[in-house]
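Asks: Sharing a structure below in structure tokens format, with a few things to ask.
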Amino acid sequence: MAKFNEIDTSMIYYRLWRDRPDIATAAPRTDLKTGDFENVAFEASSDWQENAFGIREPAGSEIVAPQDIDVVIVPLLCFDRAGHRVGYGKGMYDRFLAKCRPDCVKAGVSLFPPVDTIDDITSSDVALDMCITPDMAYRF
């Protein structure tokens with residue numbers, strides 16, 4: 001969501017489609033009633049729709065199970081040097097990431113460098129494995 005300083009991830013999947021067409025891609029579609037999301041397969045020719053928050057989501061019907069995902073790219077607002085992150089406070093990514101395999105790479109993308117610490121971490125928060133900013137890649 002550019003209007004909230006969240007990074008646009010579209011160049012990542014455009015590059016994957018060009019250089020690695022063997023890699024399948026999926027994007028979240030939010031259930032605004034439950035606050036959860038499901039991942040929908042998409043490709044260059046897929047249709048998109050805008051949800052009530054103005055977020056573009058794939059309109060397809062092929063759902064990808066969390067256990068079948070190898071890498072999750074998490075756009076975020078803020079992260080700390082331990083890999084904790086801050087989004088919009090609804091816990092959607094935390095609930096989803098908790099369903100992924102332990103070896104699934106959780107890679108954040110941010111426009112900003114890390115802060116030293118985020119203090120309000122809870123037991124349900126899922127930390128990142130890495131985060132990429134315009135200037136550096138961080139591993140946790």
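The values are calculated or read from the model by the stated rules, or taken from the named source; none is laboratory data. Owing to the predicted nature of the structure, the values given are computational and were not obtained by experimental measurement. In this analysis, Cβ positions are derived from the backbone assuming ideal geometry, glycine residues included, and neighbour counts consider all displayed protein chains. Note: areas computed on protein heavy atoms with side chains; ligands, DNA, RNA excluded. Shrake-Rupley method; radii C 1.70, N 1.55, O 1.52, S 1.80 Å.
Asks: From ALA52, ALA41, ALA98, ALA27, which residue is free of Cβ contacts under 8 Å to residues at least 60 places away in the same chain and part of a loop (DSSP other than H, G, I, E, B)?
Replies: Answer to the selection: ALA52.
Asks: Step by step: first the residues of region 97-126, then only those that are in contact with a helix residue (DSSP H, G or I) (Cβ under 9 Å, 6 or more places away or on another chain) and either farther than 18 Å from GLN67 by Cβ or among the small types (Gly, Ala, Ser) (or both), then the one that is least open to solvent (accessible area, probe 1.4 Å). Which residue is that?
Replies: VAL109
Asks: With the checklist (1) open to solvent by less than 30 Å² (accessible area, probe 1.4 Å); (2) in contact with a Phe, Trp or Tyr (Cβ under 9 Å, 6 or more places away or on another chain) in hand, flag the one item ASP94 doesn't pass.
Replies: Unmet condition: (2).
Asks: What's the number of the condition TRP17 fails, among (1) closer than 23 Å to ALA137 by Cα; (2) open to solvent by less than 30 Å² (accessible area, probe 1.4 Å)?
Replies: (2)
Asks: Can you tell me which condition ALA98 does not meet? The list is (1) touching a Pro at 6+ places or on another chain (Cβ under 6 Å); (2) within 19 Å of ILE121 (Cβ to Cβ); (3) among the small types (Gly, Ala, Ser), and all the others hold.
Replies: The failed condition is (1).
Asks: Also, quick follow-up: If you check LYS90 against the conditions, is it more than 21 Å from ALA107 (Cβ to Cβ) and of a type in the set (Lys, Arg)?
Replies: So LYS90 does not fit the description; no.
Asks: So, in region 69-87, of the ones that are without any contact (Cβ under 8 Å) to a residue 60 or more places away in the chain and outside any strand (DSSP E or B), which residue ends up least open to solvent (accessible area, probe 1.4 Å)?
Replies: Checked region 69-87; the qualifying residue least open to solvent (accessible area, probe 1.4 Å) is GLY83.
Asks: Output the number of the condition that GLU57 fails; it satisfies all remaining conditions of (1) in contact (Cβ under 8 Å) with a residue 24 or more places away in the chain; (2) open to solvent by 40 Å² or more (accessible area, probe 1.4 Å); (3) acidic (Asp, Glu).
Replies: Tallying (1) in contact (Cβ under 8 Å) with a residue 24 or more places away in the chain; (2) open to solvent by 40 Å² or more (accessible area, probe 1.4 Å); (3) acidic (Asp, Glu), GLU57 fails exactly one: (2).
Asks: Output yes when any residue across region 61-68 is in contact (Cβ under 8 Å) with a residue 40 or more places away in the chain and either more than 22 Å from LEU16 (Cβ to Cβ) or of a type in the set (Val, Ile, Thr) (or both), and no when none is.
Replies: yes
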